[in-house]
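What follows is a set of notes on a single structure, which appears directly below.
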Amino acid sequence: MLSRERAWELLAGQGQEPHMLHHALETEAVMRGLARRLGEDEDLWGVTGLLHDLDYHETKEIPEEHAMRTAVMLAGQIPEEALQAIKAHNGERNGIMPSTRFDYALRCAETVTGLISAAAMVRPTKLEGLGAKSLKKKMKDKAFAAAVNREIIKECHQLGLDLDDFLEGAVASISSVADQVGLQ
Ligand SMILES: [Fe+2]
């Protein structure tokens, strides 16, 4: 299993744009929070969150290859269940649909980061005081962060979490890395 340190070196070595590194760190934080909450392997879920978009710089124009290439790059370095979760986070385009709790966690985590960071950006106090009520309002506003798939966020029920609970936990997790992702 890849250490967190090696995983970061691997990601940082791809020359991705800062916003993608922020997205990776936010996804890692949400995955760690979920793993703690659900009694799963925090390092495994965290490293998988960190690396899930590893191929992004080379698959921007070929979305059906996104995640498939990451799985090839990481084969033998992280467990099969993590490779599966990575592929299923892009299931709508590559046909690998989610089935395990790990799969759903990664989909929900990586999607909710888009909603939360967009919401925090436009608030003077950023993440501080950002609650589920206001995030749910943003989810209903189709024009707000339009690329964020609301249906995937709602898959949190597959983790046994209701939406409020999931959203609040995700804000708390991202707050723990706020200084590293430009949300302080
Ligand atoms: Fe992602």
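The values are calculated or read from the model by the stated rules, or taken from the named source; none is laboratory data. Because the structure is a prediction, the values reported are computed rather than measured. Cβ coordinates were reconstructed from backbone atoms using ideal geometry, including for glycine residues, and neighbour counts include every protein chain displayed. Quick note on the areas: whole protein, heavy atoms, side chains included, nothing else; ligands and nucleic acids left out. Shrake-Rupley method; radii C 1.70, N 1.55, O 1.52, S 1.80 Å.
Ligands, DNA and RNA are left out, and with a 1.4 angstrom probe the accessible area of the stretch 4-176 is 47 Å² per residue.
Rolling a 1.4 Å probe over the protein chains gives Met20 an accessible area of about 20 Å².
Counting Lys and Arg as +1 and Asp and Glu as -1, what is the net charge of the other residues whose Cβ lies under 10 Å from the Cβ of Tyr56? For residues surrounding Tyr56, the net value is -2.
So how many Lys-Lys pairs in the chain land under 22 Å Cα to Cα, not counting same-chain pairs under 8 apart? Pairs that pass both the separation and distance tests number 14. The accessible surface of the stretch 1-141, taken with every protein chain in place and a 1.4 Å probe, is 51 percent carbon and sulfur.
Just checking the listed ones, Ala88, Ala120, Ala29: in the Gaussian network model of the chain with Cα springs under 10 Å, the one fluctuating most is Ala120. Of all stretches in the chain that contain no trypsin sites (Lys or Arg not before Pro) in a DSSP loop with at most 12 other Cβ atoms within 10 Å, the longest one is 61-141.
Our analysis of the stretch 4-176 gives Rg over Rh at 0.94, with the two radii drawn from alpha carbon positions and Rh computed by the Kirkwood formula.
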